[in-house]
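Enquirer: Got a structure here, written out as structure tokens. Questions coming.
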Amino acid sequence: MGDINSNGNIGESIADTDNIQSDTIPGDNKQTEPVEPAQMGCGTTRGNDPDDNDSNKKSIQETNQSQLEQPSSNNRRDSDKDSHTQSSKKSKKSNMISDDDDDDNNNQRSSATLSKLRINFDDSDDENEDSRHYSYSKRDIAEYRNHYPNARSNTKIHDNYDFYTNKIRSHPDGDFIDKIHKNWFGDYEKLEYHHGYIQWLFPLQERGLNISAEPLQKHEIESISKDEKALARLLESYKLMLNFYGFELVNDNTGEIRRLRDGSYKSCFRNLNSASHNYLRITRILKCLGEFKYEYLKFPFLAAILRESITENTLSNCLRSCKDYWIETLRSPDERRAIRQYARELVEYRNKGMTPPKTHKAHRPQSTSAAAEETENMSSAKGDDDDPME
């Protein structure tokens, strides 16, 4: 399917930032002042997670254009100025989520009730520097894609390896990795409100705001990658967060995911659609997966987010972060082009008032898999030659 000409350009995006709070409690449409956590379903939508940021260098920039037009019939948010910032607008939740996503009758759902999207998924985004936020964002993502070439490996630091081999607890107020996987799974309140675990579960080669979590060292990447149990634990961490966000991993080898089948995805989606501080967490998760042998998990995750955001309209507020940040974590240019093409096709279906068939899927370029693995191996080998920092 060909590309779609957009009805307008997207406004300037806001750079990834700290101290993001969400204001809306799932199922509650009233504007409220921050209060103590209440009993909830899949987390709550009010969270302030300063430790989820990938760095503390990000700045906020205002945008004057809406990301997309929301369905007027559902009183959804007027716009998503940026998925990495707090939106001050409140809205009623959409009823677009079907009770049974596997029911063949779902194919009868029409996209005619959804307004047209005004968002571009251009391949030129790789070079576009029109937005003021992009100068920092581009440098940040370039460092990540190139495996942080300026980061030196300190052999005296091995907290992340020790954590993933179940030798030490995460801090603050954390636990051993195996206990986190066992006891925190499905504990949505803890996962929403706890501010110290995400950088332990998904370490990066850059320092965040959790002073108790050390940056990932290059020698740790190699050690964890060679340790089958440690690497398996990282996959379990991904499954833990997928469940929190309303998904489950269908195939460990392909990375295919789907909605939780017990219907609990609905409250999880409502939370994710409004608790924008989780978008910082997702950026970190995707980056971390690519540091190890799980780059292949990103593409199917992005495909699922795009379908839920564009076609199902269940995660519409995730769309801007998906476009500006999450897709950009793909290290393969071919994969970035392929997932953008899929996004354009979904937008075309929606803007024509049509629902794509369930057989319409995103296809990860097979030729990129071997190249990505070779790049990972070369990066690990290069890390062996780094001089340890004293």
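Enquirer: Cβ-Cβ below 8 Å, separation at least six or inter-chain, first residue in segment 251-271 and among the β-branched types (Val, Ile, Thr), second assigned to a helix (DSSP H, G or I): which pairs?
Expert: 254/296; 254/300; 257/242; 257/300; 257/301; 257/304
Enquirer: Something else: Among the residues that make up segment 148-170, is at least one of them farther than 16 Å from residue 291 by Cβ, assigned to a loop (DSSP other than H, G, I, E, B) and in contact with a Gly (Cβ under 9 Å, 6 or more places away or on another chain)?
Expert: yes
Enquirer: Looking at segment 185-201, can you tell me whether even one residue there is open to solvent by 30 Å² or more (accessible area, probe 1.4 Å), assigned to a helix (DSSP H, G or I) and of a type in the set (A, V, I, L, M)?
Expert: Among the residues of segment 185-201, not one is open to solvent by 30 Å² or more (accessible area, probe 1.4 Å), assigned to a helix (DSSP H, G or I) and of a type in the set (A, V, I, L, M), which makes the answer no.
Enquirer: Identify the single condition in (1) part of a helix (DSSP H, G or I); (2) within 24 Å of residue 366 (Cα to Cα) that residue 331 does not satisfy, given that it satisfies every other one.
Expert: All conditions pass for residue 331, except number (1).
Enquirer: Would you check which residues across segment 203-218 are in contact (Cβ under 8 Å) with a residue 24 or more places away in the chain and either outside any loop (DSSP other than H, G, I, E, B) or surrounded by fewer than 24 Cβ atoms within 10 Å (Cβ to Cβ) (or both) and list them?
Expert: 204, 205, 206, 207, 208, 209, 210, 212, 214, 215, 218
Enquirer: From the list 327, 305, which one is closer than 22 Å to residue 146 by Cα and modelled with pLDDT of 95 or more?
Expert: After applying the criteria, what remains is 327.
Enquirer: I've got another one for you. Can you name the residue in segment 171-182 that is in a loop (DSSP other than H, G, I, E, B) and among the charged types (D, E, K, R) and, of all such residues, is least open to solvent (accessible area, probe 1.4 Å)?
Expert: That would be 175.
Enquirer: Keeping to segment 150-167, report how many residues are out of contact with any Asp or Glu (no Cβ under 7 Å at 6 or more places or on another chain) and either at pLDDT 95 or above or within 20 Å of residue 226 (Cα to Cα) (or both).
Expert: Qualifying residue count for the region: 7.
Enquirer: Does segment 296-327 hold any residues that are open to solvent by 10 Å² or more (accessible area, probe 1.4 Å), more than 17 Å from residue 246 (Cβ to Cβ) and not basic (Lys, Arg), and which are they?
Expert: Hits for segment 296-327 are 296, 324, 325.
Enquirer: How many residues, within segment 263-281, are part of a loop (DSSP other than H, G, I, E, B) and surrounded by fewer than 24 Cβ atoms within 10 Å (Cβ to Cβ)?
Expert: Residues that pass the stated criteria total 2.
Enquirer: Taking the criterion of being at negative phi, at pLDDT 95 or above, surrounded by 19 or more Cβ atoms within 10 Å (Cβ to Cβ) and assigned to a loop (DSSP other than H, G, I, E, B), would at least one residue in segment 359-376 satisfy it?
Expert: yes
Enquirer: Among what's in segment 132-164 and is of a type in the set (Ser, Thr, Tyr) and crowded, with 17+ Cβ neighbours inside 10 Å, pick the residue that is nearest to residue 235 (Cα to Cα).
Expert: By that ranking, first place goes to 164.
Enquirer: Has segment 241-262 got at least one residue that is assigned to a helix (DSSP H, G or I), closer than 23 Å to residue 364 by Cβ, in contact with a helix residue (DSSP H, G or I) (Cβ under 7 Å, 6 or more places away or on another chain) and open to solvent by less than 10 Å² (accessible area, probe 1.4 Å)?
Expert: yes
Enquirer: Restricting the search to segment 152-179, which residues are touching a residue at least 60 places away in the same chain (Cβ under 8 Å) and over 24 Å from the mean Cα position of the chain (by Cα)?
Expert: Matches in segment 152-179: 152, 153, 154, 155, 156, 157, 158, 165, 166.
Enquirer: What's the number of the only condition in (1) under 22 Å from residue 340 (Cβ atoms); (2) open to solvent by 10 Å² or more (accessible area, probe 1.4 Å); (3) part of a helix (DSSP H, G or I) that residue 235 fails to meet?
Expert: (1)
The values are calculated or read from the model by the stated rules, or taken from the named source; none is laboratory data. This structure is a prediction, so every number in the text was calculated from the model and none was measured. Here Cβ is always computed from backbone atoms with ideal geometry, including for glycine, and neighbour counts include all displayed protein chains. For the accessible areas, the whole protein counts, side chains as well, though only heavy atoms, and no ligand, DNA or RNA atoms are used. Shrake-Rupley method; radii C 1.70, N 1.55, O 1.52, S 1.80 Å.
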